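Reading through the structure tokens given below for one structure.
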Amino acid sequence: MSLSGKTAIVTGSNSGIGLGVAHELARAGADVVLNSFTDRDEDHKLAEDMAAQHGVKVRYIKADMSKGDECRALIETAGACDILVNNAGIQHVARIEEFPVGKWDAIIAINLSSTFHTSAAALPMMRKAGWGRIVNIASAHGLTASPFKSAYVAAKHGIVGFTKVTALETAEEPITCNAICPGYVLTPLVEAQIPDQMKTHDMDRETVIREVMLDRQPSKEFATVEEIGGTAVFLCSDAAKQITGTTISVDGGWTAL
Ligand code: NAD
């Protein structure tokens, strides 16, 4: 599955799933653009290290995915976009009536609206290149729900719907658009939820992981960033050219329950 000669942009890729997906795309030979809203030496170092490890070109471009103009500027600045992975995301847990409006707006902007803006900027480039792959990182929460995650669940369901529309608008072209729906992956986003869950359930860390988190996953294991990345590489391969407008769950059986 060589992606040599392709340029992949991965939003929100200085940690967690985005970084893992970027590594797998680079391992498959793609040049990579890493992104987040920060501009630290360590962000650029990630790009240098990835380039050295996989022998491909890797750049880091700062752009805040909560801002539509910066989403579009990311794609324009990269100058090429054969593969777009919409991964940037944040999470907040609260009852609907207590949900901070600012958090609602930020979750919808970063998780969902950024996907619209980057796709709108990338599609003309893909059409010009005569080839394109869009992979949207949704979630098991794009197909099911949990209480207290209203904005996140709404955004992820929105991504699944937007994925289908993008696929239909590109169906007769050599462009595909699909969503990956991960279950739990032990990234900084999930780590940040553990202390609250420990307090809420009066449990220690290991019990929260076993009885609250992995209880939803029949496999009783976290998925890994490499497994999400491998799925993205498959969706970008020629073997997957008839796969468009669908979701692939990487959730240990969560959504089969
Ligand atoms: P993470 O916190 O490690 O990564 C989130 C990434 O988004 C980081 O690189 C962060 O810098 C970036 N980001 C946040 N705000 C941004 C902004 N305004 N502009 C640009 N980048 C921004 O978390 P993760 O678990 O790797 O999450 C990545 C994606 O995977 C998210 O969309 C998340 O919803 C999804 N997801 C995660 C899990 C899981 O269990 N970890 C499960 C399903 C879906």
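Whole angstrom only: what separates the Cα centroid of segment 138-193 from the Cα centroid of segment 1-70?
20 Å
As I understand it, the value is the acute angle between the Cα axis of helix 225-236 and the longest principal axis of the Cα atoms of the chain; what does it come to in degrees, rounded to 10?
Computed tilt is about 40 degrees.
Using only alpha carbons, build the gyration tensor for segment 37-161 and give me the equivalent ellipsoid semi-axes, biggest first, whole Å.
28, 18, 14
Hey, which lysines would be in cross-link range of residue 45, C-alpha to C-alpha under 29 Å, not counting anything within fewer than 8 residues on its own chain?
Here the lysines satisfying the reach criterion relative to residue 45 are 6, 57, 62, 67.
Helix 68-78 against the longest principal axis of the chain: what's the angle in degrees, Cα atoms only, rounded to the nearest 10?
It works out to around 40 degrees.
I need to check one value: relative contact order of the chain, counting alpha carbon pairs closer than 8 Å and at least 6 residues apart, in percent.
With pairs under 8 Å counted, the relative contact order is 20 percent.
Round to the nearest 10 and give me the degree value, 0 to 90, for the angle of helix 150-169's Cα axis relative to the longest principal axis of the chain.
It works out to around 30 degrees.
Spelling out what I want: for every residue of segment 184-197, take phi, set θ = phi - 60°, compute 6.51 cos²θ - 1.76 cosθ + 1.60 (Karplus), and round to whole Hz; glycine and proline get x.
6, 10, 7, 10, x, 4, 7, 4, 5, 7, 5, x, 5, 5
Hey, how much of the P(r) for the chain falls beyond 30 Å, as a percent of Cα pairs?
23 percent
Of 54, 141, 157, which has the most accessible area with a 1.4 Å probe, and how do the rest follow in descending order?
Sorted descending by solvent-accessible area, the residues read 157, 54, 141.
How high is the relative contact order of segment 1-82? Use alpha-carbon pairs under 8 Å, at least six apart in sequence, and give a whole percent.
In percent, rounded to a whole number, it is 30.
Binning at 5 Å from 0, report for segment 18-69 what percent of all alpha-carbon pair distances ends up in each bin.
Percent of Cα pairs in each bin: 5, 23, 31, 21, 13, 6, 2.
Let me test this: with uniform point scatterers at the alpha carbons of segment 151-193, what is the Debye-based log₁₀ I(q)/I(0) at q = 0.19, 0.33 1/Å?
Per q value, in the given order, log10 I(q)/I(0) is -0.69, -1.09.
Per DSSP H run of at least 4 residues, take -39500 (n - 2.57); add these up for the chain, divide by its residues and hand me the 222 nm value, nearest 500 deg cm²/dmol.
Computed ellipticity for the chain at 222 nm equals -12500 deg cm²/dmol.
Across all directions of projection, what mean area in square nanometres is found for the Cα convex hull of segment 116-236?
Answer in nm², one decimal: 8.4.
Give the value in nm², to one decimal: projected area of the alpha carbon convex hull of segment 47-120, averaged over all directions.
Dividing the Cα hull surface by four gives the mean projection, 6.1 nm².
Evaluate the distance, in nm, between pseudo-label points positioned 7 Å from the Cα of residue 257 and of residue 51 along their respective Cα→Cβ axes.
With each label placed 7 Å out from Cα toward Cβ, I get 4.5 nm.
Mind checking segment 33-114 for trypsin sites (Lys or Arg not before Pro) that DSSP puts in a loop (not H, G, I, E or B) and that have at most 15 other Cβ atoms within 10 Å?
Answer in residue order: 40, 57, 95.
Along the principal axes of its C-alpha atoms, what lengths does segment 213-257 span, in descending order and rounded to whole Å?
36, 21, 11
The values are calculated or read from the model by the stated rules, or taken from the named source; none is laboratory data. Bear in mind the structure is a predicted one, so any value in this text is a computation, not a measurement. Cβ sites come from the backbone with ideal geometry, for glycine too, and all protein chains shown count toward neighbours. Please note that ligands, DNA and RNA were not included when accessible areas were found on the heavy atoms of the full protein model with its side chains. Shrake-Rupley method; radii C 1.70, N 1.55, O 1.52, S 1.80 Å.
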